[in-house]
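This report refers to the structure that appears directly beneath it.
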Amino acid sequence: MVQNNVQVTPVSSPTPIDETANWKTYTSVSGNFLIKYPIEWTYVSGGNISTGTETISFGQNVSSVTEDINSKMSIQMQKPSSSTGIVDAKSYKDAIIKGKESSATVVAVMVDNANGFKITYIDAGTKIENTIFDKNNLLYSIMFGQHEKSSITTEDKNTFDQILSTFKFTQ
């Protein structure tokens, strides 16, 4: 009788590397969320959600909430407004693409279980990627664009997608 001795060595699959593990975390008490961003970035916030709109701008050496050439990403939170007609993610999307329909692409997305839209469009020569969604009676816009650039590099897009994947509601 011939007996085959076969030794089986278990193979483990590699653990995925979390490229955001050493990133900084921004927590918004008023917006009830947290998000991670690259360690070399800074942020500036302005406005107050209790008075209507709050904006946080992120980037390398960012110093202003609006139109800072160092800003790579901004998060804007606002309350729905029947006077402007922006009451949910769909109406927000419609307002953003109005007049930009020829350059806009829209994809349905979900951000931490909130339905929304990722809109890519050209605004004043700058390619913008804007992810909008609503939750807890707030509208969220996470906008990524390179000021004075007509395109977004693959590296920048990957960074934005990584940042977006870290967005979590705290309530």
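The values are calculated or read from the model by the stated rules, or taken from the named source; none is laboratory data. From a predicted model like this one, the values you see are computed outputs, not experimental measurements. Reconstructed Cβ throughout: ideal geometry from the backbone, glycine too, with neighbour counts over all protein chains shown. Just so you know, the surface numbers come from the protein's heavy atoms only, side chains and all, with ligands and any DNA or RNA stripped out. Shrake-Rupley method; radii C 1.70, N 1.55, O 1.52, S 1.80 Å.
Working from Cα pairs under 8 Å separated by at least six residues, relative contact order for the chain is 19 percent. The label-point distance for Asp94 and Val109, in a model that sets each label 7 Å from Cα toward Cβ, rounds to 2.2 nm. Kirkwood's formula applied to the C-alpha pairs of segment 58-143 gives a hydrodynamic radius of 13.6 angstrom.
Calculated mean residue ellipticity, 222 nm, the chain: -3500 deg cm²/dmol, from DSSP H runs (n ≥ 4) at -39500 (n - 2.57) each, averaged per residue and rounded to 500. Cross-link partners of Lys72 among lysines, defined as those whose alpha carbon lies under 22 angstrom from its own and excluding same-chain residues fewer than eight positions apart: Lys24, Lys36, Lys93, Lys100, Lys118, Lys127, Lys149, Lys157, Lys168. Counting protein heavy atoms only, the chain has 49 percent of its accessible area on carbon and sulfur, 1.4 angstrom probe.
Rounded to two decimals, the Cα-based Rg/Rh of the chain, with Kirkwood Rh, is 1.15.
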